[in-house]
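Visitor: Sharing a structure, written as structure tokens. Questions coming.
The values are calculated or read from the model by the stated rules, or taken from the named source; none is laboratory data. This structure is a prediction, so every number in the text was calculated from the model and none was measured. Every residue, glycine as well, gets a Cβ built from its backbone with ideal geometry; the counts of neighbours run over all protein chains shown. Just so you know, the surface numbers come from the protein's heavy atoms only, side chains and all, with ligands and any DNA or RNA stripped out. Shrake-Rupley method; radii C 1.70, N 1.55, O 1.52, S 1.80 Å.
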Amino acid sequence: MTRLDEAKAGGDKRLDVAIVGAGFSGLYMLLRLRRLGFSTRVFEAAADVGGTWYWNRYPGARCDVESMQYSYSFDEQLQQDWRWSERFAAQPEILRYINHVADRFDLRRDIALETRIAAAVFDEGAAEWRLTTQGGETIAARHCIMATGCLSAARVPDFPGMAAYRGKTYHTGQWPHEGVDFSGLSVAVVGTGSSAIQSIPPIAAQAAHLTVFQRTPNFSVPARNWAMTEEYERSWKDDYAALRQRARAETRSGTIYEFSTQGALQVEPEAREAEYERRWRKGGANFMHAFNDILVDKAANATAADFVRAKIRETVSDPDTAQALLPHDHPLGTKRICVDTGYYETFNRDNVTLVDVRHAPIETLTETGLRAGGKDYAFDAIVFATGFDAMTGALASIDIRGRDGMALKEAWTAGPRTYLGLMSAGFPNLFMITGPGSPSVLSNVIVSIEQHVDWIADCIEALRAAGDHLIEPEIGAQETWVAHVNEVAHRTLYPQANSWYMGANIPGKTRVFMPYIGGVGAYRAICDEVAANGYRGFRREAARRNRPAMSAAG
Ligand code: FAD
Ligand code: N01
């Protein structure tokens with residue numbers, strides 16, 4: 001029996017709901033739907049559950065939302081029982097947590113591992129999706145839920161000479177499970193985004209020599225991670241339900257920070273510097289909340305950016321290297337702020353070299369290394385910390401076809417078009433968790449995942465209760481939403497950066513700000529209001545006699 005057959009054993013071949021992806025999204029979705037009595041399976045390409053935290057095993061990988069907040073909130077006993085060892089958990093601990101959840105709620109029996117979904121085609125007559133795995137097996141399901149992740153399509157730039165290079169290559173998002181020993185090796189890291197900034201210090205500590213190829217200097221703030229204290233843990237656990245509710249409903253990012261009610265220019269320069277310094281010392285992305293206008297007012301933003309640039313100059317001993325590391329082409333935070341442990345300090349090591357490839361780009365890989373700006377460099381290993389085809393990449397790699405055989409990729413050539421980031425017109429019964437047009441990557445993603453999962457589960461339950469077989473956004477509602485997402489983004493500084501939020505990291509990708517920046521609290525209220533008003537903006541269709549019914553409520 002194949003793994004898919006094993007997963008199907010004991011269940012119907014025709015599912016109520018097929019879920020693609022077994023990260024935080026897919027696991028909670030499975031649990032919710034199972035509890036509602038729907039026949040459901042998860043199809044996962046990887047050999048185990050975990051999503052992001054299964055794939056991203058590079059040295060230094062950890063979350064930058066505090067672990068007391070970067071965790072599920074749906075089960076009080078789970079959040080009371082689980083004990084995090086650090087303020088910001090490292091990848092192995094987060095992966096252990098996800099595995100614990102899969103076991104605790106007995107989820108594995110409905111997960112088909114090593115099963116990549118290659119195509120999903122909507123059958124209009126039967127009102128159901130036909131999924132095809134890479135191995136050629138098919139699954140029919142009334143609803144299909146894409147829990148495929150916003151940062152799961154790892155991307156290595158299309159450098160010539162890739163096949164010629166005789167050393168080892170790695171991508172941070174597809175790291176070998178057995179780990180990599182860089183001892184005694186000459187290593188290159190390409191990129192200076194979050195993954196690079198986390199992995200560069202531990203790689204430098206191990207390698208004989210590390211060369212960092214930087215195209216765009218990034219802003220990074222120190223994590224100042226610490227071992228969890230009983231006192232801090234208690235301060236959350238004693239009041240978890242209320243604090244989680246506050247994060248969900250009253251914040252923009254789904255994370256409780258120390259928020260400010262003042263603008264950066266409303267205070268005297270000395271007080272402003274003192275506030276930045278205080279937050280810099282505490283560590284973490286809390287720095288971004290020193291004032292309430294850093295992401296909307298260019299002059300306010302410049303005060304925070306200047307502060308970080310001064311810190312870089314102060315930290316990095318060699319003035320030329322310091323100068324090259326100064327971010328200059330985007331407002332602070334409009335590319336995701338990085339949170340590091342000893343990143344800038346690493347450039348003071350004798351075995352670390354920074355190469356600026358902004359004006360002298362990497363041209364090709366060679367047999368022994370790579371060529372940039374006409375100069376050859378030799379390496380035993382090259383680490384590509386070059387990011388992801390974010391937000392749409394995982395969806396685009398599945399041949400998704402809706403009404404009249406329309407391909408999702410084609411429907412989205414001018415940028416993703418969704419209603420609430422949940423569904424796209426022309427693709428009935430196809431849901432996305434943290435899809436483009438929802439807060440997703442601008443938030444503590446687990447908060448956004450839980451909200452989407454709950455909304456989708458309630459929606460599918462409402463359809464069953466009403467005897468409806470089909471739901472799809474109305475084109476007008478979708479166009480209004482897309483315009484709103486765009487309009488809200490342009491009230492901020494975000495669109496000024498060439499970021500992956502804008503699709504700018506992928507040559508040829510349409511530049512449009514993809515996530516919804518209105519905040520998780522406001523967004524949740526909109527979604528709830530839409531549902532309470534009979535799923536306003538969605539078209540529903542009643543069951544027809546020739547269509548198979550869904551499982552009855554349990
Ligand atoms: P994923 O975890 O990406 O899971 C998607 C799953 O779908 C994957 O397992 C993938 O293999 C599978 N899949 C995709 N396509 C197919 C297919 N065709 N067939 C079958 N399976 C498929 N967010 C935060 O809020 N805070 C953080 O601190 C933070 N840190 C991060 C650090 C790193 C290194 C990265 C890359 C991301 C980080 N994120 C963070 C974002 C993170 O992706 C989310 O927090 C969260 O883990 C997403 O869960 P998910 O289940 O939606 O998607
Ligand atoms: O990817 P990125 P990432 N030549 O796209 C460079 C989450 N995350 O994996 O900016 C030379 O940010 C590229 O340069 P440029 C988080 O949401 C979180 O680091 O395009 N360089 C850039 O420097 C994050 O934002 C954590 O000019 C090239 C880098 O590669 C998201 O995942 C940790 C190049 C890619 O940076 C993605 O982060 C890790 C080329 N041809 C990830 N092509 C936490 O800490 C690309 N680059 C929580």
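Visitor: Return yes or no: is residue 214 within 15 Å of ligand 1 (Cβ to nearest atom) and either out of contact with any Cys (no Cβ under 6 Å at 6 or more places or on another chain) or farther than 22 Å from residue 285 by Cβ (or both)?
Guide: The answer is no for residue 214.
Visitor: For the condition within 26 Å of residue 524 (Cα to Cα), open to solvent by less than 10 Å² (accessible area, probe 1.4 Å) and at pLDDT 95 or above, what is the one hit in 240, 276, 257?
Guide: Just a single option satisfies the conditions, and that option is 240.
Visitor: For region 329-345, which residues satisfy the criterion of being in contact with a Gly (Cβ under 9 Å, 6 or more places away or on another chain) and surrounded by fewer than 20 Cβ atoms within 10 Å (Cβ to Cβ)? Working first, answer last.
Guide: Narrowing region 329-345 to residues in contact with a Gly (Cβ under 9 Å, 6 or more places away or on another chain): 335-336, 338-341.
Scanning region 329-345 gives 336, 341.
Visitor: Would you mind telling me which numbered condition in (1) open to solvent by 10 Å² or more (accessible area, probe 1.4 Å); (2) under 19 Å from residue 56 (Cβ atoms) residue 102 fails?
Guide: Residue 102 satisfies all of (1) open to solvent by 10 Å² or more (accessible area, probe 1.4 Å); (2) under 19 Å from residue 56 (Cβ atoms) except (1).
For every residue, the table says whether it meets (1) touching a residue at least 24 places away in the same chain (Cβ under 8 Å); (2) surrounded by fewer than 23 Cβ atoms within 10 Å (Cβ to Cβ).
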| residue | (1), (2) |
| --- | --- |
| 439 | yes, no |
| 449 | yes, no |
| 455 | yes, yes |
| 465 | yes, yes |
| 468 | yes, yes |
| 493 | yes, yes |
| 512 | yes, yes |
| 530 | yes, yes |
| 533 | no, yes |
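Visitor: Which one is farthest from ligand 2 (Cβ to nearest atom), of the residues in region 95-130 that are over 24 Å from the mean Cα position of the chain (by Cα) and of a type in the set (A, V, I, L, M)?
Guide: Checked region 95-130; the qualifying residue farthest from ligand 2 (Cβ to nearest atom) is 126.
Visitor: Something else about it: Could you check how many residues of region 48-94 are more than 10 Å from ligand 1 (Cβ to nearest atom), more than 18 Å from the chain's Cα centre (by Cα), part of a loop (DSSP other than H, G, I, E, B) and not basic (Lys, Arg)?
Guide: Matching residues across region 48-94 total 8.
Visitor: Also, I was wondering about something else. For region 353-369, which residues satisfy the criterion of being within 14 Å of ligand 2 (Cβ to nearest atom), buried (at least 16 other Cβ atoms within 10 Å of the Cβ) and assigned to a strand (DSSP E or B)?
Guide: Listed by number, the residues that qualify are 354, 355, 356, 362, 363, 365.
Visitor: From (1) part of a loop (DSSP other than H, G, I, E, B); (2) touching a helix residue (DSSP H, G or I) at 6+ places or on another chain (Cβ under 9 Å), pick out the condition that doesn't hold for residue 544.
Guide: Answer for residue 544: the failing condition is (2).
Visitor: Another question, if that's okay. For region 361-391, name all the residues that are within 16 Å of ligand 1 (Cβ to nearest atom) and farther than 21 Å from residue 201 by Cα.
Guide: The initial filter retains those residues of region 361-391 that are within 16 Å of ligand 1 (Cβ to nearest atom), namely 383-391.
Selection gives 388, 389, 390, 391.
Visitor: Please enumerate the residues belonging to region 287-302 that are open to solvent by 20 Å² or more (accessible area, probe 1.4 Å), part of a helix (DSSP H, G or I) and not hydrophobic (A, V, I, L, M, F, W, C).
Guide: Listed by number, the residues that qualify are 289, 298.
Visitor: Another one. Just to check your reading of the model, which residue among 98, 139 is touching a Phe, Trp or Tyr at 6+ places or on another chain (Cβ under 7 Å) and assigned by TED's automatic domain parsing to the domain that holds residue 65?
Guide: 98 is the lone residue from the list that is touching a Phe, Trp or Tyr at 6+ places or on another chain (Cβ under 7 Å) and assigned by TED's automatic domain parsing to the domain that holds residue 65.
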